[in-house]
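Computed from the coordinates by the stated procedures, all read-outs in this text should not be read as laboratory data. No experiment lies behind these values; they were computed from the predicted model shown. Reconstructed Cβ throughout: ideal geometry from the backbone, glycine too, with neighbour counts over all protein chains shown.
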Amino acid sequence: MRVGAKIADEKKVLLWGTEIPAGTIGKGELGIYAVVNMEGEITLVADLQQTIDVGLGARGGTCWFLPTSIHNASWFNHTCEVALEAEAKLRAFAGLHCAATLQLKSYKVLDIYLRGGMEGTIESDLTTLSADVGVRMKAGGKVISKKFTLMDEYYSLWKLQKPDMAGFLIGMEEVCALGDHVAGVIRRKQGNDQYEPYAGPFEVVVTRPNGRTEQFSGSSDAGGFFLVKGIERETW
């Protein structure tokens, strides 16, 4: 099952504006707006695997075709596994929007704009959280029915990338350089602030002293315990 949702919303507040009349021909308008907008997409993929094994019957002994004992021989086994994948990407902008329009009669023949301000982007896939904050400058418009872009530049000021452990509790039991392994336990948050063992795959991200990062795959058992080897051995 795959479910997605898109978000797009913008709010503009006029700070200053004026109208330049041109008699019966038309008019021109200038405006400066404070603008805030947000857009993004959230995707959720769920994979459900369910099995049911049922047996109904009885067993026992007989003597000369007469039953001497009867025992239940019924069983009911049920398993349900749910795998979830989620991705989210959101972008927000806050700044100033300057617009100039020229209208002839009832038709807008010229519409140009200049927009500048702070922009931030956040991405998450339940394992890694990435963020980028910077300055966005954009200019363009439309002449009659033809759209154009004069400038669309982004200048990054601050970036962040780190493991996203929301909903998970990770405990490191042992980090051994001699044995070249990392051991620990992973638990996933359920309702009422309760945690249960997480059994499944995960990625270990290691940052070396020289700044290079490496990823190592691992898997935890039914109790949430894991053991990842080969981390101290650098690859060149």
Hull volume in cubic angstrom per residue (convex hull over the Cα atoms of region 1-44): 81 Å³
Surrounding net charge for ILE7, when Lys and Arg each add one and Asp and Glu each subtract one, Cβ distance under 9 Å: -2
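By how many nm would the segment from ILE7 to LYS142 lengthen if fully extended, with 0.36 nm per residue of separation less the alpha-carbon distance?
46.1 nm
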For VAL205 and ILE25, compute 0.36 nm times the residue count separating them, minus their Cα-Cα distance, and round to one decimal in nm. 58.2 nm
How charged is the neighbourhood of VAL133? Take every other residue with its Cβ under 12 Å from the Cβ of VAL133, and add Lys/Arg as +1 and Asp/Glu as -1. +1
What list of ³J(HN,Hα) values in whole Hz, one per residue of region 101-110 in order, does the Karplus curve 6.51 cos²θ - 1.76 cosθ + 1.60 (θ = phi - 60°) give from phi, with Gly and Pro shown as x? 10, 10, 10, 10, 6, 9, 10, 8, 8, 9
Residue by residue through region 33-45, the couplings from Karplus 6.51 cos²θ - 1.76 cosθ + 1.60 with θ = phi - 60°, in Hz, x for Gly and Pro, are 10, 8, 10, 9, 9, 9, 9, x, 8, 10, 10, 10, 10
Taking θ as phi - 60°, what are the ³J(HN,Hα) couplings along region 138-145 by the Karplus curve (6.51, -1.76, 1.60), each to the nearest whole Hz, with x for Gly and Pro? 9, 9, x, x, 8, 10, 6, 10
What is the sum of charges, Lys and Arg at +1 and Asp and Glu at -1, for the other residues whose Cβ falls under 10 Å from the Cβ of PHE93? +1
Between the modelled labels at PHE225 and GLN190 (7 Å from Cα along Cα→Cβ) the distance in nm is 2.1 nm
For a quick protection proxy, order the peptides 140-149, 207-216 by their average other-Cβ count within 10 Å, most packed first. 140-149, 207-216
Correct choice for mean projected area of the Cα convex hull in nm² that was computed from the model, options [x] 13.0; [y] 13.7; [z] 27.0: [z]
Expected output is a single nm value to one decimal: the length gained when fully extending between HIS181 and ARG212, i.e. 0.36 nm times separation in residues minus the C-alpha distance. What is it? 9.2 nm
